[in-house]
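I have a structure I would like to understand better, so I am pasting it below and will then ask my questions one at a time.
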Amino acid sequence: MSQLPVIFKRELGSYFATPLAYVFTLIFLVLSGVFTFYLGGFYERGQADLIPFFSFHTWLYLFLIPAIAMRLWSEERKSGSIELLMTLPITRFEAVTGKFLAAWVFAGIALLLTFPMVITVNYLGQPDNGAIATGYFGSWLLAGAFLAIGSCMSALAKNQVIAFILAVSVCFLFIVSGLPMVLDAFAWAPQWLVDAVASLSFLIRFDSLSKGVIDLRDLLYFVTLIIVWLMATAIVVDLKKAA
Amino acid sequence: MIELKNLTKRFARHTAVDALSFCVEPGEVLGFLGPNGAGKSTTMKMLTGFLTPTSGSASICGCDIRTQALQAQRQMGYLPEGAPCYGDMTVRGFIDFIAEVRGYRGADKRVRVDTAIGQLELESVLGQNIDTLSKGFKRRVGLAQAILHDPRVLILDEPTDGLDPNQKHQVRELIKGLARDKIVIISTHILEEVTAVCTRAIVIARGRLVADGTPLELQSRSRYHQAVTLVGDGPLDTVALAALPGVAGIEVNQAEHSVTVLAEPGQVIFPQINALIVQQGWVVRELDVERGRLDEVFQTLTRGEAQ
């Protein structure tokens, strides 16, 4: 456990060593603004809340989060530095978790930089700031789930582009599993199976959080998802490191 | 001490390392020789805990590499093949990172980092990104990383590959200086390196051990061991040379008027040849007694195994 902060610090630093961090943050801020004001009808709704802002996060993350997750392991394998990392006296848990946390904190920083949104809505009306805080927390959890999937896909593929595409595909499945078009395809299945598929969806889980409703089951869902995908990452890293 | 017992690594189609067993004691500098693909790197990757052996075991200073991987890894420094580093970090940042991973903090860390930087003479490039460094400097950064914690075991996969002759010399001197109380394992296919730094050499081919001994012992396996080469002003009387006791054969190089007289195994033929020169009154411009040719031994050992 003791070397986890060292790995975390190096990983977080490496995001800012290249223009990637700044480009990512910029794109995220611009797109989240565009989505909120144009597609979300922020003004037209006439309500002092950030629901239009959060409701697009799932789709925004679908493409942006795999972009920050893709380098986590692919790059290590491509440059061979994975051999150095895995022969240093650190556990696999420390390596996998340290890398994940760095990416998660980085996503959190980008998310916090949307604070002008909060100022705007407070200036225009009297929003429920507790609900907004819950929305932010939920959005960060959502980013974590995307990142854990992305980290596993990055461990699978040596090529970052392939890691990106894999991560987008898997994340997409986790989003659409709650959409009617997918659930209709399960019309033949017993109700419990339909419910199980629907309950996997990011959309449904995140929906209530973004409205400020904290349900323990939703929190557990995201936390479990992160843990399971990180464990999968550790296994894949082990299987693939020498390839 | 490093101990390998029937260490084996099988990949999908082939066996890379096949039941390799040997021990290395502190103070030894072991040269690990073999053609490309013989299993040198795979063995090193198993010793450092990067690859898991298919069967067999290995221990570093009493720590099994499978069950006590972290303890084993704390005792060793490793330079992987090609010296991979984090290219987007500065030299200082990277060495700092390694020191922290190795558990050093504060003043302790500073001393370790500065010592390693000094030993590899990296002062001039501390602020540069590793990506922008020349091959030689990258290799030295990799070495600095490996020796930083003054490990008891040093495993270096082709440490001088791609360095210029001066840098090679420097790295060899460094290894010799470090070696006194440590175990050093160097893989290489540069044979001169073995005679220059190693106290012991192991040759492997197709994953199997084919020779184990001091560099001198290996050289004495050569057919050129104790061979005498003479260069005269004119043609020399090869019949008289061949008739000498202990002579196994003669190789003549017409163009250079040189004759190489091969000795039978275990025989010393120089005194007889010297006496013959005096007796015949030959004018000899050059006279050379060989210890043996490592490259020839290497070829015989590794090719014989391959067939």
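Suppose we filter the stretch A:9-66 for residues that are of a type in the set (V, I, T) and in contact (Cβ under 8 Å) with a residue 60 or more places away in the chain; how many remain? Walk me through how you get there before you give the answer.
We begin by selecting, within the stretch A:9-66, every residue of a type in the set (V, I, T); these are A:18, A:23, A:25, A:27, A:30, A:34, A:36, A:51, A:58, A:65.
Next cut, in contact (Cβ under 8 Å) with a residue 60 or more places away in the chain only: A:25, A:36, A:51, A:58, A:65.
Of the residues in that region, 5 qualify.
Taking the conditions exactly as written (at pLDDT below 95, in contact with a Leu (Cβ under 8 Å, 6 or more places away or on another chain) and not in a loop (DSSP other than H, G, I, E, B)), does B:G31 satisfy them or not? Before the answer, list the steps.
Details: at pLDDT below 95: yes; in contact with a Leu (Cβ under 8 Å, 6 or more places away or on another chain): no; not in a loop (DSSP other than H, G, I, E, B): yes.
When the stated conditions are applied, B:G31 does not pass them.
When you go through B:G62, B:G93, B:G77, B:G56 one by one, which is the residue that is surrounded by fewer than 17 Cβ atoms within 10 Å (Cβ to Cβ), modelled with pLDDT of 90 or more and not polar (S, T, N, Q)? Can you show your working first?
On the way: B:G93 fails: surrounded by fewer than 17 Cβ atoms within 10 Å (Cβ to Cβ); B:G77 fails: surrounded by fewer than 17 Cβ atoms within 10 Å (Cβ to Cβ); B:G56 fails: surrounded by fewer than 17 Cβ atoms within 10 Å (Cβ to Cβ).
Just a single option satisfies the conditions, and that option is B:G62.
Let me ask you something else. Restricting to the stretch A:19-60, give me the number of residues that are farther than 21 Å from A:L112 by Cβ and either assigned to a helix (DSSP H, G or I) or within 14 Å of chain B (Cβ to nearest Cβ) (or both).
Total meeting the criteria: 5.
Does the stretch A:1-13 hold any residues that are crowded, with 17+ Cβ neighbours inside 10 Å, at pLDDT 90 or above and either of a type outside the set (A, V, I, L, M, F, W, C) or out of contact with any helix residue (DSSP H, G or I) (no Cβ under 6 Å at 6 or more places or on another chain) (or both), and which are they?
A:R10, A:E11
Are any residues in the stretch B:98-109 at positive phi and more than 9 Å from chain A (Cβ to nearest Cβ), and if so, which ones?
If we filter the stretch B:98-109 for residues that are at positive phi, which is where we start, we get B:103, B:106.
Passing the criteria: only B:G106.
Looking for something of a type outside the set (D, E), over 20 Å from the mean Cα position of the chain (by Cα), away from chain A (no Cβ under 13 Å) and in a loop (DSSP other than H, G, I, E, B) - is there at least one such residue anywhere in the stretch B:5-21? Before the answer, list the steps.
Here is the first cut: in the stretch B:5-21, the residues of a type outside the set (D, E) are B:5-17, B:19-21.
Then keep just the ones that are over 20 Å from the mean Cα position of the chain (by Cα); that gives B:5-15, B:19.
Within this subset, residues satisfying the condition of being away from chain A (no Cβ under 13 Å) are B:5-8, B:13-15, B:19.
With the extra rule that they be in a loop (DSSP other than H, G, I, E, B), the set shrinks to B:13-14.
Yes, some residue in the stretch B:5-21 is of a type outside the set (D, E), over 20 Å from the mean Cα position of the chain (by Cα), away from chain A (no Cβ under 13 Å) and in a loop (DSSP other than H, G, I, E, B).
Another question, if that's okay. If only one of A:K78, A:K99 is under 30 Å from B:A99 (Cβ atoms) and either more than 14 Å from chain B (Cβ to nearest Cβ) or surrounded by fewer than 22 Cβ atoms within 10 Å (Cβ to Cβ) (or both), which one is it? Write out each step before concluding.
Values: A:K99 fails: either more than 14 Å from chain B (Cβ to nearest Cβ) or surrounded by fewer than 22 Cβ atoms within 10 Å (Cβ to Cβ) (or both).
None of the others qualify; the one that does is A:K78.
Turning to a different aspect of this structure: Under 6 Å by Cβ, and 6 or more places apart or on different chains, what pairs join a residue from the stretch A:87-102 that is in contact (Cβ under 8 Å) with a residue 60 or more places away in the chain with one that is part of a loop (DSSP other than H, G, I, E, B)?
A:I90/A:Q3; A:E94/A:Q3
I would also like to ask the following. Sort through B:A179, B:A146 and tell me the only one that's buried (at least 21 other Cβ atoms within 10 Å of the Cβ) and not β-branched (V, I, T).
On the way: B:A179 fails: buried (at least 21 other Cβ atoms within 10 Å of the Cβ).
None of the others qualify; the one that does is B:A146.
Something else now. Among the listed residues A:G135, A:G130, identify the single one that is at negative phi, touching a residue at least 24 places away in the same chain (Cβ under 8 Å), surrounded by fewer than 16 Cβ atoms within 10 Å (Cβ to Cβ) and in a helix (DSSP H, G or I). Working first, answer last.
On the way: A:G135 fails: surrounded by fewer than 16 Cβ atoms within 10 Å (Cβ to Cβ).
Within the list A:G135, A:G130, the selection yields A:G130.
Which of the residues belonging to the stretch B:72-97 are part of a helix (DSSP H, G or I), at the interface with another protein chain (Cβ under 8 Å from one of its Cβ atoms) and closer than 17 Å to B:V153 by Cα?
B:Q73, B:R74
Of all the residues that make up the stretch A:46-75, how many are closer than 16 Å to A:G212 by Cβ and surrounded by fewer than 23 Cβ atoms within 10 Å (Cβ to Cβ)? First the steps, then the outcome.
Filtering the stretch A:46-75 for residues closer than 16 Å to A:G212 by Cβ gives A:47-55, A:57.
Checking the rest, the ones that are also surrounded by fewer than 23 Cβ atoms within 10 Å (Cβ to Cβ) come to A:47-49, A:51-52, A:55.
So the answer is 6.
While we're on this one: Can you find, within the stretch B:34-53, the residue that is modelled with the highest pLDDT among those that are more than 14 Å from chain A (Cβ to nearest Cβ) and surrounded by 23 or more Cβ atoms within 10 Å (Cβ to Cβ)? Show your work before the answer.
First, the residues of the stretch B:34-53 that are more than 14 Å from chain A (Cβ to nearest Cβ): B:34-38, B:40.
Okay, now just the ones that are also surrounded by 23 or more Cβ atoms within 10 Å (Cβ to Cβ), so B:34, B:38, B:40.
Details: B:G34: 88, B:A38: 87, B:K40: 91.
So, considering only residues that are more than 14 Å from chain A (Cβ to nearest Cβ) and surrounded by 23 or more Cβ atoms within 10 Å (Cβ to Cβ), the one modelled with the highest pLDDT is B:K40.
Still on this model: (1) assigned to a helix (DSSP H, G or I); (2) free of Cβ contacts under 8 Å to residues at least 60 places away in the same chain: which one isn't true of A:D238, the others all being true?
(2)
The values are calculated or read from the model by the stated rules, or taken from the named source; none is laboratory data. Predicted, not measured: the structure shown is a model, and the values here were computed from it. We place every Cβ from the backbone using ideal geometry, glycine too, and count neighbours over all the protein chains shown.
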